[in-house]
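This report concerns only the one structure given below.
Every number here is computed from the coordinates shown, using simple stated rules; none is lab data. The model shown is predicted, which means the values in this text are computed figures rather than measured ones. Glycine gets a Cβ as well: all are built from the backbone with ideal geometry, and neighbour counts include every protein chain shown.
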Amino acid sequence: MHEILYHQDNPYMPERARIVRKYDLTGDVRFFQVRLCNPDKVFPVTSSYSPGQFMMISLPYVGEAPFSITSTPSRPGLFEFCIRKVGRLTSRLFQLEENDFLWLRGPFGNGFPVEKMIGKDLLFVAGGLGAAPLRSLLLYALDNRDLFGKLFYLHGARTPRDMLFREEFFQLKQRKDFRCYLTVDEDPEGDWPFDKGVVTSLFKYVKVNPRNTAAVVCGPPVMYKYVVQEFIKLGIPDANIYMTLERKMKCGMGKCGQCVVGHKYVCVDGPVFTLWDVKNVKGLI
Amino acid sequence: MKKPKIGIYGLTGCAGDQLNILNCEDELLKLFDIFEIKSFVMASSAADEEASLDVAFVEGSVSTEKDLEDLKEIRKKSKILVAMGHCAVFGGVQSMFVGEDWDKMYRKVYGKKRAVTLTKPLPPKPLAAYVKVDAVLPGCPIEKEPFLKLAGLLAKGVIPRHPDFPVCAECKWKENECLLLRGEMCMGPLTNSGCGAICPSLGIPCIGCWGPIEKENWEAEAFLLRERGFSVEDIVNRFAIFGGMERADKLRKFLEAKEE
Amino acid sequence: MRLFKLKRNNLFPFLRGLEGFGELWGPVRKGRKVVYARAKPEEFDLEALRTIIPAKKFFLPPRFTALKFRDNTWEDDYRPRRKVIFGLHPCEIHALNIYHRFYTRLFTDPYYERSKEATLIVGLSCVPDDHCFCYATGTSTVNEGFDLFLTDLGDRLLVWVGSPRGEESLKLVGKFLEDVEQKDISDYVAWRKRRDAAFKLKVDLDGMPEIVSFSYDSPVWEKMGRACLSCGTCTMVCPTCTCFDLEDEYDLKRAEMHRERFWYSCVFREYSMVAGGHNFREARSERLKLWYTHKLVGFMSEYGAPACVGCGRCVVSCPVGINVISVVRALRQERTTALWTKMEVKDA
């Protein structure tokens, strides 16, 4: 009988990329700008993606882990990540220098349903490292400003030093076509010029048309409950409230099972879920 | 790239782990080629104890004041400290009753007069009871393959992480019949993987020599073994051999509760 | 579907003929256990019901090297050998169908695909024992997912041809096959009646998705969690369990790094633990709940059928008797005598 011919496309095979730029955003979070060594590659890596998708970053000898893409597809060619040093893989990543290699697979995940958001007011609420995936959608919306209604971005951090993309948001605050509110829980150095208090305290500034608003939240697990309550208070429907979740993932393709919640694979059915999903799948948040 | 400098040391133990490194006969040259070995007294008397180390492998438990001094010294000069073998990782068989009145136990073995020793004895404890341990290689003794894999990653500058799931997984991969179902006193569900389920594959129940996994369900195991007709004493004795300090302590409480 | 018959005394030559496709594997008894092993036709145990590990091991082995890395280059040299797997019962084939849908959904798993390409599946009928419940799961007969399927009628076997590959294999073994007659069909129908009457283990799976969903806060889970050894045996022996883990290994004596892929289990503590130590399912009861929710609810909504094929492996494998039967009965508030229900533990 005939010999079997294997095609070479293997979605587990990481693709080589180079660190173009890196700098520290906070004490333990670093920004990485990465470019694929072969930009024409479309499989298993493709350079087009949607806001809210993630990639598997692979470092040989250590392993792989998922990281949300923090850059916007409207500025193509580069992938950006915000990475907090928490484990073996991220510690290794922090040892890398500009021009060093790392390996990528993806993009994976559903991403934000941008097409459903067109024409709507957008309300973003970010806490801590949650700013990473939201920045992707925010920059996308700003680059395509006329596609959306009002734009509100609320961002909370523990202290001014812990605020990701602080300078970038200071700049963005100048823009007239979009409202950006920043708050910190504590201000030990006493030079914070904006709001103080938890992120939900910023809801007083929000003026959107609730029936025509897409609300997006990402942050530490404890934050969701309070922020979602505020969305509901505003009158935003469950199906228009989006959250992006974190889980352990080894494959990114709905196979390894480690991100499963109920019958959802966070890596392919998520990481973006609506409040409706969350109400129907126990254990998502 | 400069060769990583390593040292291989033994505290109180049988030296079986160091011996198993020497038993890696085919790979020994490779090992000596990749690493610059600064101290390995079991293999060579030419040791350089002044040198700072990239990696120190330490076997044995801390059972004397001399052990403790040596360990602190090793820790100070090493970037990465690897606890190697059950004694170093969990305290070894000698630590099974550490929670009890240790002086009484000591007298029981050595008599009323203090035996002549070079250094003051201490209740045996694992390295992590005294110093920061960066990586572990369990086993009594360690196995060749896991050692070579650990050493390989260390040579690449990666700190290895031992998986934490029971040996039952490896046992099933080898398509063994479950010895607990056959009524044997098998410690598999409590014991970390890594050995490749050597004993159960030969029909010999696991005695737990790779040490416990974290948050193992020893209550359920004890319940099951009681159902299978084993006496509390037998179960406790088997548990205690490789259970390490913590579990020995839990077991004592378990025993006390049973006696009430 | 094409149907033939095979005289009993031609079975071994028939199987030997299939070796023209690849290595011949089938159920072989070793002491008290049965395993799928490479063997001669005479060594197969035709009465064997369940092997320790199901046929999933042929499609994604318990542990294999998925990728190799050396000099900044990745390599994938996973090349399964061509195999004929003989003796798969309907439950096994149903499980492989679930496996197939799962591994080709959205992203096709290349390792699975290659193994599938390299395998000829030859099914075999069976008569249930006390632990089989494929009648309840609707998986006691099978219409697809095999290349050839043999039903044992004693002096002869009926041979169904289930795929183009099965059809092609007739070039190797067609000479042993004869056309069926009316009597063969009536004998087969009678055999089916006898076989269907032989199921002793009864379990009611009707409405399980709803029952499991509404039992989310049931104390049953906590009780089960107390008794679960977290050994992972249920997941390793389950023919529809698919979870795996990846780990980078670099053995000093090798030139290249190996990215190893191995079967993993949702009952293990680190299953839902992310870097930094946060565990989304710290409690054993939460992990068991995931297992049963995924089997009995999750697959229902995704594929329209539960991911249990009634093979009975969990029934004979769990040391404390946590299995589909006892869990379903407990959730239905029916009587069960499983060992885990007897465990009374004081708080440690």
Work the Kirkwood hydrodynamic radius out for the range C:245-293: mean of 1/r over every pair of different alpha-carbon atoms, inverted, in Å. 12.7 Å
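How high is the relative contact order of chain C? Use alpha-carbon pairs under 8 Å, at least six apart in sequence, and give a whole percent. Please report the intermediate quantities before stating the final value.
Numbers: 596 pairs, mean separation 71.6, N = 348.
Taking the mean separation of contacting Cα pairs over the length of chain C, I get 21 percent.
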Bin all alpha-carbon pair distances of chain B at 5 Å intervals from 0 and give each bin's fraction as a whole percent. 1, 6, 12, 16, 17, 15, 12, 10, 6, 3, 1, 0, 0
For the range B:184-211 and the range A:62-119, compute the distance between their C-alpha centroids and round to whole Å. 41 Å
Dipole magnitude of the range A:114-244 about its Cα centre, charges +1 at Lys/Arg Cβ and -1 at Asp/Glu Cβ only, in debye to the nearest 20? 440 debye
Run the Debye formula on the Cα coordinates of the range C:105-152, all scatterers equal and no solvent, and tell me log10 I(q)/I(0) at q = 0.15, 0.16, 0.19, 0.21 1/Å. -0.60, -0.66, -0.82, -0.88
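Which whole number in µm²/s is D for the range C:208-342 by Stokes-Einstein, with the Kirkwood Rh taken over Cα pairs at 25 °C and 0.890 mPa s? Present the calculation step by step, with values, prior to reporting the outcome.
Details: Rh = 16.1 Å.
For the chosen part, D equals 152 µm²/s.
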Return the unpartnered cysteines for chain B, using a Cβ-Cβ cut-off of under 4.7 Å. B:Cys14, B:Cys24, B:Cys87, B:Cys171, B:Cys178, B:Cys186, B:Cys195, B:Cys199, B:Cys206
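Considering only DSSP beta bridges whose two residues both sit in the range C:93-165, what percent are antiparallel, to the nearest 5?
On the way: 5 of 8 bridges.
Around 60 percent antiparallel, to the nearest 5.
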Quick one: among C:Arg79, C:Arg192, C:Arg38, which has the greatest mean-square fluctuation in a GNM of chain C with alpha-carbon springs under 10 angstrom? C:Arg79
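When the helices in chain A are scored as -39500 (n - 2.57) per DSSP H run of 4 or longer and the sum is shared across all residues, what 222 nm value do you end up with, to the nearest 500 deg cm²/dmol?
Details: 7 runs with 55 residues, N = 285.
That comes out to -5000 deg cm²/dmol.
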Degrees separating the helix B:244-259 axis from the principal Cα axis of chain B, which is the longest one: 10 degrees
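If you average over every viewing direction, what projected area does the convex hull of the Cα atoms of the range C:2-197 give, in nm²?
On the way: hull surface 51.9 nm².
Computing the convex hull of the Cα atoms and averaging its projections yields 13.0 nm².
Taking neighbour counts of Cβ atoms within 10 Å as a proxy for exposure, in what order, fewest first, do B:Leu153, A:Leu134, C:Leu170, A:Leu129 appear?
Details: B:Leu153 21, A:Leu134 27, C:Leu170 17, A:Leu129 24.
In order of increasing Cβ crowding within 10 Å: C:Leu170, B:Leu153, A:Leu129, A:Leu134.
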Whole-Å semi-axes of the ellipsoid equivalent to the range C:173-254 (Cα gyration tensor, √5λ, descending): 42, 31, 12
Note down the relative contact order for chain B as a percent, whole number, built from C-alpha pairs under 8 angstrom at least six residues apart. 18 percent
Give me the Kirkwood hydrodynamic radius of the range A:15-108 in Å, from all C-alpha pairs, to one decimal place? 13.1 Å
Neighbouring Cβ atoms within 10 Å as the yardstick, rank A:Leu164, C:Leu46 fewest first. C:Leu46, A:Leu164
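For n ≥ 4 DSSP H runs only, could you compute -39500 (n - 2.57) per run for chain B, divide by its residues and tell me the 222 nm figure to the nearest 500? Mind showing how you got there, number by number?
Details: 11 runs with 104 residues, N = 260.
Value at 222 nm, helices only: -11500 deg cm²/dmol.
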Per principal axis, descending, Cα span of the protein assembly as shown in whole Å: 94, 88, 59
Mind jotting down the three principal axis lengths of chain C based on Cα atoms? Whole angstrom, largest first. 66, 61, 40
For the range B:5-155, max minus min Cα coordinate along each principal axis, in Å, sorted largest first? 51, 30, 26
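Based on the Kirkwood radius over alpha-carbon pairs, what value in µm²/s does the Stokes-Einstein equation return for the translational diffusion coefficient of the range C:66-130 at 25 °C and 0.890 mPa s? All intermediate terms of the calculation are to be shown ahead of the outcome.
Working: Rh = 14.1 Å.
For the chosen part, D equals 174 µm²/s.
Kyte-Doolittle cut-off -1.0, length cut-off 15 Å along the helix's own axis using Cα: show which whole DSSP H helices in chain C pass. Mind dumping the intermediate values first?
Details: long enough: C:90-104 (21 Å, -0.19); C:182-197 (23 Å, -1.62).
Helices meeting the criterion: C:90-104.
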Take chain A, drop everything but the C-alpha atoms, weight them equally and run the Debye formula without solvent; then report log10 I(q)/I(0) at 0.09 Å⁻¹ to two decimals. -0.43
Which value results when the Cα radius of gyration for the range B:167-259 is divided by 2.2 N^0.38 Å? 1.03
Count of lysine pairs, the range C:208-342, Cα-Cα under 30 Å, sep. 8 or more residues or interchain, comes to 5
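On average over all directions, what projected area in square nanometres does the range A:114-244 have, based on the convex hull of its Cα atoms? If you can, show how the numbers build up before the last one.
Details: hull surface 29.1 nm².
That works out to 7.3 nm², a quarter of the Cα hull's surface.
What is the Å³ per residue value for the convex hull set by the Cα atoms of the range C:10-115?
On the way: hull volume 13.0 nm³, N = 106.
In the range C:10-115, the Cα hull volume divided by residue count equals 123 Å³.
Report relative contact order for the range C:1-74 in percent, whole number only (criteria: Cα-Cα under 8 Å, sequence separation at least 6). Present the calculation step by step, with values, prior to reporting the outcome.
Values: 57 pairs, mean separation 14.6, N = 74.
Relative contact order, the range C:1-74: 20 percent.
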Using the count of nearby Cβ atoms within 10 Å as a rough guide to exposure, how do B:Thr191, A:Thr200 rank from fewest to most? A:Thr200, B:Thr191
Cβ-placed point charges (K, R +1; D, E -1), dipole of chain C about Cα centre in debye, nearest 20: 780 debye
Using the alpha-carbon atoms, what tilt in degrees (0 to 90, nearest 10) does helix A:131-143 show relative to the longest principal axis of chain A? 80 degrees
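Suppose we take every Cα in the range A:95-140 and form the convex hull; what volume per residue is that in Å³? Before the final figure, lay out each step's value.
Details: hull volume 5.8 nm³, N = 46.
Spread over its residues, the Cα hull of the range A:95-140 gives 126 Å³ apiece.
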So for the range B:133-222, taking the charge dipole from beta-carbon charges (+1 Lys/Arg, -1 Asp/Glu), which of B:Thr191, B:Trp173, B:Ala151 sits furthest toward the positive end? B:Ala151
Please identify, among A:Gly130, A:Gly190, A:Gly219, the residue showing maximal mean-square fluctuation in a Gaussian network model of chain A using a 10 angstrom Cα cutoff. A:Gly190
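Assuming 1.306 mPa s and 10 °C, estimate D for the range A:50-167 with Stokes-Einstein, Rh taken as the Kirkwood radius over Cα pairs, in µm²/s. Please list the in-between numbers first.
Numbers: Rh = 15.5 Å.
It diffuses with D of about 103 µm²/s by this estimate.
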In degrees rounded to 10, the 0-90 angle between helix A:221-234 Cα long axis and the longest Cα principal axis of chain A is 50 degrees
Expected 222 nm ellipticity per residue - DSSP helices of 4 or more, -39500 (n - 2.57), all of chain C, to 500: -9000 deg cm²/dmol
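Calculate the tail of P(r) for the range B:106-236: the fraction of all Cα-Cα distances greater than 27 Å, expressed in %. Intermediate values should be presented prior to the final figure.
Details: 3211 of 8515 pairs.
Here the long-distance tail beyond 27 Å is 38 percent of all Cα pairs in the range B:106-236.
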Picking from B:Lys172, B:Lys66, B:Lys156, which is most flexible by a Gaussian network model of chain B using Cα springs under 10 Å? B:Lys156
